[in-house]
Amino acid sequence: MYMIENGNTAAALGVKLCRAGVIAAYPITPQTPLTEKLSEYVELGDMKAEYIPVESEHSALAVCIAASSAGARVFTATSANGLLYMHEQIQWASGARLPIVMCVVNRAVGAPWNVWNDQQDSISQRDTGWIQIYCCDHQQIIDTVIKAYWLAEKISIPIMVCYDGYILSHTYMPFDLPDQEKVDAFLPPFQPDYALNPDEPANLNTVTLPDVRIDTKGQLAHGYMEIRYLLQEELRTTLQIAADAEKRFAEIFGRGGNPYIEPYRCDDADYVAVGLGSITYQLRVCVDTLRKEGIKVGVMGVRYYRPFPDAVIAGALKGKKGIIVFEKALSYGYEGALASDLKSALYEHLAGTGSLPAVQNLIAGIGGREIHTDDLTQNLRAATQGRISREPAWIGLKI
Amino acid sequence: MGTRNYRRKTSHSEHGPGDGGRTGSWRVERPVLDQSLCIPCKRNKEACFICWLYCPEIVISRTIPPQFNLEYCKGCGICAEECPTKAITMVDEAHFSEQKKDKE
Amino acid sequence: MQAKTNILNLPTQEFVHPGTRACTGCGLSIAYRVGLKALGKDTILVVPPSCLTVLQGLFPVASTKLPCLNVTFASTAAAATGILATLKTKGNDHTTVAGWAGDGGTSDIGLQALSGAAERGDNFIYFCYDNEGYMNTGVQRSGTTPIGAVTANTPFKGKLQQKKDVPAIMAAHKLSYVAACSAAYPLDLYDKIKSCLHLPGTKYFHIHIPCPPGWGYDPRYGIKIGRLAVETGYYDLYEIVNGEFRLTAASEKLIEKRKLTPVREYFRAQSRFRILTDEQINEIQRQIDMKWDGYYKKGE
C-alpha cells in the first residue's frame, strides 16, 4: 500500500510491523516524531508493546539491553548527543551480543550545540561493533528496519539504521507500506539462544578474565579475548548473511538489490563519487549534469558502513581513474572516516595490480550547512580535472 | 588449548561453589567448637544456630553439632564472636598439621 | 501484621555457594544471603560494578543460584525496568526483579536512573548495600561516606561532607515502601522484604553494611559494629509504608529504652574514624540526641 509520510513515520511503521515488544526512548531533535508516533500506536492499542519514557538516553539503551537479555524484541532511537550519551551502553550491547535495532537520526554533535544534519554522531560510533546501515529514502528506511531485525536476531549483533535528520526524517515521500502478513512471514517471533529466567539461571556479562578458565562442568571456557574475537569474526561473516537477508526480503516483498552499495551510472565511469545517505541521491543530479558535459562520472552510495564491505567496494571501483568521497563527518585530526576506510580497502585489494584509483576527500554539510547541488557539481567537476588538495576540502565553507 | 567448541559466545556463567578457589587457604585461624558449651548440642534439639545465621561464607551447617566446611571457611571469626556461650574459639592454623583432613 | 521471623523458622534454602571472592567477614555476604532467602527462587537480579559483582563470581563460574544481569555502573534501575517490561510482554506478573547496587552505584552515579524508575512506578525491589564507600575499587569516598571518615581519597582530612540521606530522597518519590536495614539485623531485613513484595511501584531498601578493610576493624567484630551503629542511635532501622514512618527492631526498642550507647564507642571501634576529634564526636552526639528527642516526642 503506497502512502506519503515523513521518514520518522516510515521508521515508526517499520518498528510497528516488526512487533517490537519493548520500546525505550528519550526525546532529542530530530528523532522525537519517531518515538512520539510509537507512543501513539502503543496508547491506541495498535501496537502491543511496553513504552518506557526513560529519563536519559543512557537509560534508554540500558532498558533495551536488559529487556533484550530477558527475551524481548526491543527498539530505541536517538541522535547526536543522545547517541554520544549512550556510548558506554553501545559498546555494552555489542559485547553482550544482543539483537537490538536502533534508528539514528543523523545530527551534528556539540560542542557547540547544533540540531541540524551531519553524520558525526553515527560515524563516531563506527568502532563499537554495531552494524551500521545508511538509508537514502523512506522506502529504504522502512525496509532496512525490517531487514535489520531479521539480521540482528540471526547473528546476535545490534544494528544502527541511520538516516539524515530533517533531510529524510522530516520530509515527505511516497513509499510502499509492507503488509503485516508479509512482515510476519519474513520475520518470525524473537527466539533468543538464552533469555534470563529463574528456571535456567545464569550470570551474564560478569568480570571476564584475560585468560581462559575452566567452567563448572570442567570445560575450558573463553577468555575476554575469545569473546571479542567472535564478535569481530561474526561481524565479518555478516557480510555474507546480509546478502541472504536481501534475497529473502526480495522473495517476499519483490524489491531489493545490492545490500552493500547503490551504484548509479558507475559501470563505464572514469570517476565515481562516493557517499553515505541522502547526499548520494543529490549527487545523482550532479552526475547527470556532468555526463551531459561528456565527463564519465557516476555515484556510489555505501549502504553497509560496518561491517565494511571492502571486497565489494574495491571490486566496484577497480580500474577507475578517481574516487571522490563526499562526507558529512570526519575523524578529526586526519580525514573523513569513509575516505580512510575506502582507501584502505582499495589498497588491500588493488595495490600492485595497476588498477588502484586516486582518492579525494570532500567534506560538506557540517552542522547542516546547506549543500547546494551546484557546489557539488562544481567540486566534482574540479576533482575529475585534477587533485583539489591533499587535506580534505571543505565545500561551502565561509571562513 | 582451544575454546572454539565452547558453546557460548558471550560471558555467560553457570553457578557452582568455589569461584574464589579454595578460600579455606585464606585463613590464619579456624573455628573450633566445644560441643559441651553449644546450645543445640546440649539440648539435642534445634536451637540457637546463631553461628549458622551470621556466617558470611555459608560454611556452617544447621546441624547438631554445627559443622564447619574448612574447604571454604575464611576464618573471619564472626561465629566465635557471636556465639552466646563462647562455644566456638578461633585457633591459629599453625596448630593443625598438614596431614589432618580438611573436613572435620 | 505478619509474625516476626526467627532463626529457627528462617528458610534454610541457600541461594549462594560458599567460596566466593568476598573479603573475610564481608557484611554484604550476610545481607545478600538472607536477602535472597526472602526474595526466593522466582527472582531475576541486576547488579552494577561493585563488591557484589566480585562476590557473584568471575566468568565462567557464578556463586549465585539465581539469574543475574550485570550492567553498567549507572544503569541498575533502568535495567530492572527493562527486565520488568519484558516480563510484562510475556504475561509474567510473578517473577520478582531485584536490583542490588552499592552506595556509589545508588547515591552517586546511579541516582538518576533510580529516580527515573521510581517516578515511573516501575515495580521492582531495589537494594542499596551501603558499605559507605567505593570499597570494590579500594575504599574511595562516596556520597554516603559519613563525615570524618578516612578513605583512600580523603586520606588526611577525612570526608568533609555529610552522609547523603538516600532513603529520604527515595521517600520523596512517594514510594509505597522505603526501608533502612542493617546486615547486623538480618531477620529484620528478611521480614521487611517479605512484607513489601506485593506493594506497587519501586520498593527501596537501604542496608548498612560493615566492611572490614574499608572501615578498619578485625573481621570478627562485623556484627558487633553493625549493632553499635544502631544502638548508638547513629544509624536507624525503619520503614516508611505509604508515607508513614516507623522505627523497627532494635531501633524501635530504643524508644522504650531511652538510653543510647555513646556514639564515641562506634567511632573508636573503627580505624577509619581515627582523625575525628572529641569536639567533632561531641557535635555528632548532640545531633543524634536531638534526632532521638524528636523520636521520643513522636512516640508519646
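Quick note: the coordinates plus some simple rules give every number you see, no bench work behind them. A quick note: this is a predicted structure, and the numbers were derived from the prediction, not measured. Every residue, glycine among them, receives a Cβ derived from its backbone with ideal geometry; neighbour counts consider all protein chains shown.
The order of the peptides B:53-60, C:166-173 by mean Cβ neighbours within 10 Å, most packed first, is B:53-60, C:166-173.
Net charge around C:PHE127, counting only other residues with Cβ within less than 13 Å of its Cβ (Lys, Arg = +1; Asp, Glu = -1)? Net charge in that neighbourhood comes out at +1. For segment A:37-141, averaging the sequence separation of C-alpha pairs within contact (under 8 Å, six or more residues apart) and dividing by the residue count gives a relative contact order of 21 percent.
Neighbouring Cβ atoms from other chains, within 10 Å of the Cβ of residues in A:191-198, number 5 on average.
Charge dipole (Cα centre; +1 on Lys/Arg Cβ, -1 on Asp/Glu Cβ; no other charges) of segment C:30-154 amounts to roughly 380 debye.
Each label point was placed 7 Å from the Cα along the Cα-to-Cβ direction; for A:TRP113 and A:ASP176 their separation is 4.3 nm.
Taking every residue in B:49-61 and counting other chain Cβ atoms within 10 Å of its Cβ, the average works out to 6.
Ellipticity at 222 nm from helices only: DSSP H runs of n ≥ 4 in the protein assembly as shown, each -39500 (n - 2.57), divided by the residue count, give -10500 deg cm²/dmol. Give me the angle, in degrees from 0 to 90, between the Cα long axis of helix C:27-39 and the longest principal axis of the Cα atoms of chain C, rounded to the nearest 10. Roughly 40 degrees, rounded to the nearest 10. Beta-bridge orientation, segment A:2-186: approximately 20 percent antiparallel, per DSSP, counting only bridges with both partners inside. Listed by chain and number, the lysines whose C-alpha is less than 25 Å from the C-alpha of C:LYS159, apart from same-chain residues fewer than 8 away, are C:LYS224, C:LYS291. For segment A:256-399, the relative contact order works out to 25 percent when only alpha carbon pairs closer than 8 Å and six or more residues apart are counted.
Could you point to the residue in A:PRO210, B:PRO84, A:THR238 farthest towards the positive end of the protein assembly as shown's charge dipole, with +1 and -1 charges on the Cβ of Lys/Arg and Asp/Glu respectively? Of the candidates, B:PRO84 comes out farthest on the positive side. Less than 5 angstrom separates the built amide H of C:ASP130 from those of C:ILE207, C:HIS208, C:ILE209, all sequence-distant by 5 or more or on a different chain. Shielding by partners for peptide C:217-224, expressed as the average number of C-beta atoms from other protein chains within 10 Å of each residue's C-beta, is 5. To make sure I understand the rule: partners must be lysines, Cα under 21 Å from the Cα of A:LYS37, and not fewer than 8 residues away in the same chain. Which ones qualify? Answer for A:LYS37, where 21 Å is the Cα cut-off: A:LYS16, A:LYS48, A:LYS147, listed by chain and number. Here the Karplus curve 6.51 cos²θ - 1.76 cosθ + 1.60, taken at θ = phi - 60°, turns the phi angles of segment A:275-280 into couplings of x, 10, x, 4, 4, 6 Hz, with x standing for Gly and Pro.
Against the longest alpha carbon principal axis of chain C, how many degrees, from 0 to 90 and to the nearest 10, is the axis of helix C:111-120 turned? Orientation of helix C:111-120: about 60 degrees from the principal axis. Between segment A:191-226 and segment C:202-235, the C-alpha centres lie 33 angstrom from each other.
In segment A:261-394, if the dipole is taken from +1 on Lys/Arg beta carbons and -1 on Asp/Glu beta carbons about the Cα centre, which of A:VAL272, A:ILE363, A:VAL302 is farthest to the positive end? After comparing all options, I get A:VAL272. Remark: A:TRP113, A:TRP394, A:TRP150 ranked as A:TRP113, A:TRP394, A:TRP150, counting other beta-carbon atoms within 10 Å and listing the fewest first.
Length, then width, then depth: along the principal axes, the Cα atoms of segment A:2-186 run 43, 36, 28 Å. Taken about its Cα centre, segment A:27-137 carries a charge dipole of roughly 300 debye when the Cβ of each Lys and Arg holds +1 and the Cβ of each Asp and Glu holds -1.
For the protein assembly as shown, the alpha carbon convex hull comes to 195 Å³ per residue, rounded to a whole number. About its Cα centre, the dipole of chain A is roughly 1060 debye, where the only charges are +1 on Lys and Arg Cβ and -1 on Asp and Glu Cβ. Backbone geometry of segment B:75-86 corresponds, through the Karplus equation with coefficients 6.51, -1.76 and 1.60 at θ = phi - 60°, to 3J(HN,Hα) couplings of x, 5, x, 4, 4, 5, 5, 8, 4, x, 10, 6 Hz, x marking Gly and Pro. Measure nothing fancy, just the Cα-based angle from helix C:186-196's long axis to the longest principal axis of chain C, in degrees from 0 to 90, nearest 10. That works out to roughly 50 degrees.
Each of A:GLU246, B:GLU71, A:GLU181 has some number of other Cβ atoms within 10 Å of its Cβ, and from fewest to most they run A:GLU181, B:GLU71, A:GLU246.
Of the peptides A:376-385, B:12-21, the order by per-residue mean of other Cβ atoms within 10 Å, starting with the highest, comes out as B:12-21, A:376-385. Rounded to whole numbers, the Karplus 3J(HN,Hα) couplings from phi for segment A:226-239 are 5, 4, 5, 4, 4, 4, 5, 4, 6, 5, 5, 6, 4, 4 Hz, using 6.51 cos²θ - 1.76 cosθ + 1.60 with θ = phi - 60°, and x at Gly and Pro. Among C:ASN9, B:LEU33, A:GLN89, pick out the residue whose Cα is farthest towards the positive end of the charge dipole of the protein assembly as shown, where Lys and Arg carry +1 and Asp and Glu carry -1 on C-beta, about the Cα centre. Checking the options against the dipole of the protein assembly as shown, the answer is B:LEU33. Computed on segment C:1-139, with alpha-carbon pairs under 8 angstrom and 6+ residues apart, the relative contact order is 25 percent.
Checking the table C:LYS157/C:LYS259; A:LYS154/B:LYS9; B:LYS86/C:LYS259 against a 25 Å threshold on Cα-Cα, which pairs fail?
Details: C:LYS157/C:LYS259 32 Å; A:LYS154/B:LYS9 14 Å; B:LYS86/C:LYS259 27 Å.
Checking Cα-Cα distances, C:LYS157/C:LYS259; B:LYS86/C:LYS259 exceed 25 Å.
Exceeding 25 Å between C-alpha atoms, which entries from my cross-link table qualify? They are C:LYS65/C:LYS90; C:LYS164/C:LYS194; A:LYS247/A:LYS292; C:LYS194/C:LYS253. Long pairs (Cα-Cα over 25 Å): C:LYS164/C:LYS194; A:LYS247/A:LYS292.
For C:ARG274, nonlocal amide neighbours, meaning residues 5 or more places apart or on other chains whose placed amide H falls under 5 Å from its own, are C:VAL150. Going from the fewest other Cβ atoms within 10 Å to the most, the residues A:LEU209, A:LEU356, C:LEU8, B:LEU33 appear in the order C:LEU8, A:LEU209, A:LEU356, B:LEU33.
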